[in-house]
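Below is one structure, written out as structure tokens; the observations come after it.
The values are calculated or read from the model by the stated rules, or taken from the named source; none is laboratory data. Worth saying up front: this structure is predicted, and the values here are computed from it rather than measured. Don't worry about glycine lacking a Cβ; one is built from the backbone with ideal geometry, like all the others, and counts go over all protein chains shown.
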Amino acid sequence: MATSFVGLSVFLLFFAIRNPHLAAPIFIAFSVRIFVLILSHIFLTLPDSTNDAIAFENVAYELSKLGFSNVVSYYSGPNSYFISWVIGLLYSLLGRSELFAQSISIWMGMGICVMGTKLAGALWGRTYERKTLWILAIAPWLINYSCLVLRESYIAFFMLVSCFYVVKFYKKNKYYYIMASILSLLVAGHFHGVMMLGIPLLLILWTWRTYSKLLSKIWSNGVKRIFSLPVTIIVILGIIYISYALNIFIPKLGSVGELSGEMFISAIANRSLDSGAAYPTWLTPTTASDLITLFFPRLIYFAFSPFIWDINKFIHIFGLIDGIIYIYCFSLIYRNYKTINLNSVAMILLMVILFYFILFSFGVGNFGAGIRHRTKFLPILICIIIPFVPNIRVINNRISHIEKY
């Protein structure tokens, strides 16, 4: 366990030496996470530190009892307990230690800080790296999930890696970057199968990039624009057709060829938990047409809930604050859409986020789970809006003024 923290400290030290302008925020990020982790072992009960977090660690321990070779044979591909399989492998070699399992989450949390900084720099220039790192360092939910044995930090990290290689692919036009991006999504998909549904988006990007460059050499921009939409539609329909032909399995829904409106309705109803954090009952579809009429309301609830009328426990106030933060983030996107639209890669990442938000909006039935799931995409969202986040200058321990950007 101690070796894990020492190794992470050495890695961050080298990172700070190579990037002296990022030394302070990376030190704060690490210190805050270690401090919160220590408090959680003394008296502090972190949000979401029960149920799944305990179950994942317990399953990892039970697996580790089988021995390393047997744990390896228990690999079953993408599933909810893949995190337990990974930790179980390490437990079988090093012995059980919850603190060690949490240290891996801290590794992922610090990886989020590093990769988020690199992604922001690749998108907008190195000028925005420091501000990005400061925000990622002190974001409360990112700190929280960096200290728990949960999948959020793992998924957020590999999503950032995938997006970073998307940017590299778009700028360098080297196809091994798109393959690295797909590989990162595959790893993220092992922790939560829905993440793999982003792979068709990357294939569309690959096809579109190749098609656009080829077409630009043959026809004028005007002709290219006329044919771009039909070709994109053909590519999407082709991917859908191949998915049906291969009968690809979608976690928690079933095979593509067997999907139906009734199956979606049943899955959504089963995930609409009867609890203090449940969505209003009118958001649960009962007919196939409800899947269309409730599309935007469920998307809004996933992105921004809980709202003031949903609050019935004190802890829900923290969710309310989180929802307000997302409202602010998307308001920045709305107000600066023209500028973002000039950055083609930023628009691609924005479409990726919206794609996953749509997927999760129909897979989540309470705002407690919604907060966990949307946290996976918060680092990417921050990287997209970072040029428009106001700068706060502190002089003599007092905020002197706030600059827009």
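Summary of values
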quantity: Pair list, Cβ under 9 Å, 6 or more apart: the range 135-157 residue at positive phi and buried (at least 24 other Cβ atoms within 10 Å of the Cβ), other residue assigned to a helix (DSSP H, G or I) and basic (Lys, Arg); calculated: none
quantity: Count of the range 268-298 residues which are at pLDDT below 75, surrounded by fewer than 11 Cβ atoms within 10 Å (Cβ to Cβ) and not in a loop (DSSP other than H, G, I, E, B); calculated: 1
quantity: Selection status of Met179, touching a helix residue (DSSP H, G or I) at 6+ places or on another chain (Cβ under 7 Å) and of a type outside the set (Val, Ile, Thr); calculated: no
quantity: Selection from the range 369-405 of residues that are in contact with a His (Cβ under 9 Å, 6 or more places away or on another chain) and modelled with pLDDT of 85 or more; calculated: His373, Lys376
quantity: Matching entry among Ile54, Ile83, Ile87 (being surrounded by fewer than 16 Cβ atoms within 10 Å (Cβ to Cβ) and within 18 Å of Tyr154 (Cβ to Cβ)); calculated: Ile54
quantity: Matching helices (runs of 4 or more DSSP H) fully within the range 1-78 where at least 2 residues are of a type in the set (Ser, Thr, Tyr), touching a Gly at 6+ places or on another chain (Cβ under 8 Å) and without any contact (Cβ under 8 Å) to a residue 40 or more places away in the chain; calculated: 52-64
quantity: Matching residues in the range 166-181 - criterion: being part of a helix (DSSP H, G or I), surrounded by fewer than 24 Cβ atoms within 10 Å (Cβ to Cβ) and free of Cβ contacts under 8 Å to residues at least 40 places away in the same chain; calculated: Lys172, Tyr175, Tyr176, Tyr177, Ile178, Met179, Ala180
